[in-house]
Amino acid sequence: MRIGISLPHYGAFATKEAVVEVSRAAEAMGYDSLWTGDRILAPLNPSDGYGGVPGAPMPSSFKTYFDPLTALTFAAAHTQRMRLGMSALGALWYPPVLLARTLTTLDILSGGRVDAGFGIAWMRDEYTAVNVPWKDRGGRLDETIDVLKTIWTQEIVEHHGRYFDIVPTTIEPKPLQRPHPPILLAAFAPPALERVARHADGWLPVQMPMPNLAYLWNTLKAEWDKAGREPATLRAPLRINVEPNDAPDATVKQTADYAREVFELGIDEVFIDLGQACTTLPQLLDIAGRFITVVHSG
């Protein structure tokens, strides 16, 4: 099993000092990975409820948000072995040629530690702000992944598609990881899970009731098998959004119990996000230390 933690990149914890301290402390504690999410707006009157749920308010902490890839690059400079992931980057907000260059740079500078996690997000306001159409997000994501793979694997890059056009060119350097950094996709509907099986190296699930998670996991495994993919290659780092609780022991036990259920289901990667569960950095580090100790102790 592999255990990660969210980098302090949003809300009150989004400071240079916190990124350095949490990165170093998490590696010393034995965490396997650091993760960021992506948010570019916190509208006063949003077009869509939080997570796509009508009327659901966005967490107030999302008003402050570091650029996820810059934050990971800074964390990479202060760590040696932890993998660096996104759950999930709003992939369609970035031109794929530029996204490929940024992720390649991070992969090289980190010594080949990038997990490229992509999603299509849920708020139309953010698409409007970056002048990207909301319509046909799935098709645009398919082509974005095709462009990234072409740039990362071909000596002469050329692409002529519905959304992007690249004349024959060289694009160097290539990522350190070959053939390319693992591509992980957020997905919750059957067509999206089928996209994971066709295009990606893994899935980005989030904490949900166990029956729901089991259904989606089994659906994905069936799609993975149908696509002729090797079962052992399927990854699924699951985000656990830890809820606020005044009792650290209760917080740790509840989170560890859920992680164990996830492992029993056959998903062997989780990471915890403590950004909304804690009010101080010492509290965050205390819970992080307790959590990994409890999980590793069985």
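Some points to look at:
- Among (1) touching a Lys or Arg at 6+ places or on another chain (Cβ under 6 Å); (2) in contact (Cβ under 8 Å) with a residue 60 or more places away in the chain - the single one P181 does not satisfy: (1)
- Filter result for the condition that a residue is surrounded by 17 or more Cβ atoms within 10 Å (Cβ to Cβ) and either under 19 Å from the mean Cα position of the chain (by Cα) or not in a loop (DSSP other than H, G, I, E, B) (or both), over I166, I171, I108, I145: I145
So that you can scan it fast, the table gives a plain yes or no per residue for (1) touching a strand residue (DSSP E or B) at 6+ places or on another chain (Cβ under 8 Å); (2) modelled with pLDDT under 95; (3) aliphatic (A, V, I, L, M):
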site: K221; (1), (2), (3): no, no, no
site: L234; (1), (2), (3): yes, no, yes
site: P244; (1), (2), (3): no, yes, no
site: A250; (1), (2), (3): no, yes, yes
site: T255; (1), (2), (3): yes, no, no
site: V262; (1), (2), (3): yes, no, yes
site: I272; (1), (2), (3): yes, no, yes
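- Residue check for A214: assigned to a loop (DSSP other than H, G, I, E, B) and over 16 Å from P96 (Cα atoms): no
- Checked against the criterion of being part of a strand (DSSP E or B) and either charged (D, E, K, R) or modelled with pLDDT under 95 (or both), the candidates R239, R290 yield just one match: R239.
- Residue count, segment 1-54 (criterion: surrounded by 14 or more Cβ atoms within 10 Å (Cβ to Cβ), in contact with a helix residue (DSSP H, G or I) (Cβ under 8 Å, 6 or more places away or on another chain) and charged (D, E, K, R)): 4
- Checking E155 against (1) touching a residue at least 60 places away in the same chain (Cβ under 8 Å); (2) in a loop (DSSP other than H, G, I, E, B); (3) acidic (D, E), the condition it does not meet: (1)
The values are calculated or read from the model by the stated rules, or taken from the named source; none is laboratory data. As the structure is a computational prediction, the values presented were derived from the model and not from experiment. With ideal geometry, Cβ positions are generated from the backbone for all residues, glycine too; neighbour counts draw on all protein chains shown.
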